[in-house]
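The structure appears below as structure tokens.
The values are calculated or read from the model by the stated rules, or taken from the named source; none is laboratory data. Predicted model only: the values in this text are computed from it and were never measured. We place every Cβ from the backbone using ideal geometry, glycine too, and count neighbours over all the protein chains shown. Just the protein is used for accessible areas: all its heavy atoms, side chains included, with ligands, DNA and RNA removed. Shrake-Rupley method; radii C 1.70, N 1.55, O 1.52, S 1.80 Å.
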Amino acid sequence: MFSKLKLSLVTAASIAALSAPATAAESTNFMIVNGVPVNSIDEVPWQVALIDGSAVLRRQFCGGSIVSDTWILTAAHCVEGAAAADIDVLAGTLHLSHGGQRVEVAEIVIHSNWGTTGISNDFDTALIRLAEPLTVGEPIALADDSTPLPDGMGLRVSGWGAIFQSGPGSNDLLLVEVPVYNQADCVAANGASVTDQMICAGFVAGGSDSCQGDSGGPLYTIEGNPADARLAGIVSWGWGCALPNRPGVYTRVSTVEEWVTKTMAMK
Ligand code: ARG
């Protein structure tokens, strides 16, 4: 566990990094394993928490992204086997304990290719239709084939998940910066289980990563204003968390963007 002192030092370092986004190479100290608190939900207005729908207490188990006022994009493995009543969505707050809007789920739609390719976590994508429109938060635009995501490009991932492997989650939303990992190197590091529907992000040396409980949450571009951000990935899986040569693996949003758009239009 981190001491409070250490946590506040990391936070102070992040303030400089936030005002002048560091390059991937500079940001090794900018670590959701070793994450820094998000200062305002306006920095990540699309972030939501998936929480236990049957409990008054907000028990968070996954993340998600607002893609319209009635649709949340998340990971299929987060919602597989769940009924709509099992899940509520919490939007518009950094804090699990208070604030924000809690909304019930009307429908869960899992990607049509999930579980069909014989490869674990392939097409790890699902949409959640809300029972009522959100009055908080903002949608994020999806990356498509024309969104450049070159190796080394700094992306951000946020969530309430574990702050180290097998560690506790965070009550306050954390973010971390991770560079796009070369696809061939990711395939080499993780074997053939990394498909074209996945994008990897992390440092070769490890240290910064998403982790258990962040799944379903957003990996997004950080050039320009939050309003310019594109959703590049959905937190999906990884070998441990933050280990060297084991980048986090994310659903590659450009490969599911068409399904997402079509599915939302159909309902
Ligand atoms: N599968 C995990 C979850 O359900 C996410 C793991 C992400 N791991 C990583 N090393 N990036 O929360």
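A dipole drawn for the range 120-185 from +1 and -1 charges on Cβ atoms has a positive end, and of Ser170, Gly152, Ala184 the residue lying farthest that way is Ser170. Accessible area ranking (1.4 Å probe, heavy atoms, ligands and nucleic acids excluded), largest first, for His111, His98, His77: His98, His77, His111.
Roll a 1.4 angstrom probe over the protein heavy atoms and tell me the percent of accessible area of the chain that is carbon or sulfur. Summing carbon and sulfur atoms, their accessible area is 55 percent of the total for the chain.
A quarter of the convex hull surface defined by the alpha-carbon atoms of the range 94-150 gives 6.7 nm² as the mean projection. Ligands, DNA and RNA are left out, and with a 1.4 angstrom probe the accessible area of the chain is 42 Å² per residue.
The calculated P(r) of the range 154-224, using every Cα pair and 10 Å bins from 0, goes 20, 47, 30, 3 in percent.
How large is Rg/Rh for the chain, to two decimals, with Cα atoms and a Kirkwood Rh? Rounded to two decimals, Rg/Rh equals 0.93.
In terms of overall dimensions, the range 124-248 has a Cα radius of gyration and Dmax of 14.6, 44 angstrom.
Using alpha-carbon positions, what is the distance between the centroids of the range 71-132 and the range 161-179, in Å? Taking the Cα centre of the range 161-179 as reference, the centre of the range 71-132 is 19 Å away.
Here the scattering of the range 34-78 is modelled by Debye summation over its C-alpha atoms, one equal scatterer each and no solvent; at q = 0.17, 0.23, 0.24, 0.26 Å⁻¹ the log10 of I(q)/I(0) is -0.61, -0.98, -1.03, -1.08.
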